[in-house]
Amino acid sequence: MSAASSAPRLSFLQSCGRVFSIFFAFGRRSPRFKLYFVLSQMPVVIALFAQVNQVFQRQGMQSPMLFFSRGIMSFDLQFLVLLLVLFYGTSICLEEVEGRTLMYLTTRPVPKAAVILGKYAAYVLFLAVMINVGVILAFLVLNIRSLGTGAAYPVLFQFMGVLTLAILAYTAFFTLLGTLSKRALALGLMFSFGWEAVVQYFPGATQRFTIAHYLKSLLPSQTATGGLSFLTYRLEPTAPLLAVAVLLLLTVVFLAAACLVFTHKDFILSTD
């Protein structure tokens, strides 16, 4: 009797938890996590540069929240989140195929779907921590003179919620892409900085075929932030509750499809 068959069977949730704990422990010590964490703090560098620039100009920043919404949030939502999520999401499957560890994972007494869901949960947690730490620190740097008022904190939490939903939905989509194609990274770049970057500005119902549309529908109002610049350009927003429901539904659909593909697809491991 093989070791795999003699090992005690775990429930599906226990299997997901086991995979999550393994990849979370391994991932937070990996050089990749450290590199991506440094990259995720680029908003802090931008905020520090803005504050230093104001010091040299010998005047205070006229509207920290305006700079935060137009500068930091635009950079995060339109570039940084997409880039980091793309690398993490596509690697959920592809790093096992390219690293030739897929056979080891799939011979364990763990359902294949649990491998996808456990790794997805671990990587989403990494991404949420990295991105939101950068956003919080950038917010504190920009609002250092008015931290005691607390008026802007609800807007900060709303921004963090939008970014977290972006991480959930985009990571699920790129996870599916990684199970479908070895060229997932290139396809993901085209999707992120092609389709999502352009179609979201189309007038009418076309923009609703992007994930970005539903994320932007949840952004704070212009009165709360002082303006969102091109983030809301040509936006015909979906109702907030419906936008959240669509994002969560897309996340579930993409993950379910990724699990089905990973379970039934015969992956060809490179022998080079």
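None of the figures in this text is laboratory data; all of them are computed from the coordinates on show. If you're wondering where the values come from, they're calculated on a predicted model, not measured in any experiment. Cβ: placed from backbone, ideal geometry, glycine included. Neighbour counts: every protein chain shown.
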Send over the Kirkwood Rh of the stretch 114-201, from the inverse of the averaged 1/r over different Cα pairs, rounded to one decimal Å. 15.1
Listed with the fewest Cβ neighbours within 10 Å leading, Lys265, Lys216, Lys182 appear as Lys265, Lys182, Lys216
For Lys119, give me every one of the lysines with a C-alpha distance below 24 angstrom, ignoring sequence neighbours fewer than eight places off in its own chain. Lys34, Lys182, Lys265
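When Rg is the radius of gyration of the Cα atoms in the stretch 9-264 and Rh is its Kirkwood radius, what does Rg/Rh come to?
Values: Rg = 19.4 Å, Rh = 19.3 Å.
With Rh from the inverse mean 1/r over Cα pairs, Rg/Rh is 1.01.
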Filtered hits (aspartates and glutamates, Cα-Cα < 19 Å from Lys216, offset >= 8 within chain) -> Asp76, Glu196, Glu236
Residues with beta-carbon under 12 Å from that of Thr238, excluding Thr238: net charge, scoring Lys, Arg +1 and Asp, Glu -1? +1
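Taking neighbour Cβ counts within 10 Å as the exposure measure, how do Met160, Met130, Met190 sort from fewest upward? Intermediate values should be presented prior to the final figure.
Details: Met160 16, Met130 22, Met190 13.
Ordered by Cβ neighbours within 10 Å, fewest first: Met190, Met160, Met130.
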